[in-house]
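Reading through the structure tokens given below for one structure.
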Amino acid sequence: MTILVVEDDSMLRSLLTMKLRRRGWTVIEASSGTEALDLAQNSPLDMVLTDISLPEMDGKELRRQLGEIHPDLKVIGITADSGAFQELQHLKFFQIWEKPVTDDLLDSITL
């Protein structure tokens, strides 16, 4: 099972990647929405875990474009802005998580 982790903070991206690999996931990393979209077009993915606030292309636009390429792909949005939940619910994210991402949230990932 392959998950794409999209996070511009390299330390957080590395931490999420390490924790997901410990749980048995194959992890691909991207530091921007543009890079993630390129990877998604050329890699078989089961899920995407993306920050909402990203350079070049934010997580909302990434979600929209991923939906055009892989309509059934589950995308989890991560945000530090608890006030953004209502807006994000209309964008067809599989789930929306508030930072910091806890081990319990990572344990809850299923396909």
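Read-outs: derived from the displayed coordinates by stated rules, not from any lab. As the structure is a prediction and not an experimental result, all values here were calculated from the model. Glycine also receives a Cβ, built like all others from the backbone with ideal geometry; neighbour counts cover every protein chain displayed.
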Residue set Leu15, Leu37, Leu4; condition out of contact with any Leu (no Cβ under 8 Å at 6 or more places or on another chain), surrounded by 14 or more Cβ atoms within 10 Å (Cβ to Cβ) and either under 21 Å from Thr110 (Cα atoms) or touching a residue at least 24 places away in the same chain (Cβ under 8 Å) (or both); output residue Leu15
Can you find a residue that is in contact with a helix residue (DSSP H, G or I) (Cβ under 9 Å, 6 or more places away or on another chain) and on the phi > 0 side of the Ramachandran plot anywhere in the stretch 42-58? yes
Among the residues of the stretch 4-28, count how many are farther than 17 Å from Ile52 by Cβ and assigned to a strand (DSSP E or B). 3
Regarding the stretch 76-87, can at least one residue be identified that is within 14 Å of the chain's Cα centre (by Cα), closer than 20 Å to Leu16 by Cα and of a type in the set (Asp, Glu)? no
Filter the stretch 58-75 for residues that are under 13 Å from the mean Cα position of the chain (by Cα) and either of a type in the set (A, V, I, L, M, F, W, C) or under 18 Å from Thr110 (Cα atoms) (or both) and give the result. Leu62, Leu66, Leu73, Lys74, Val75
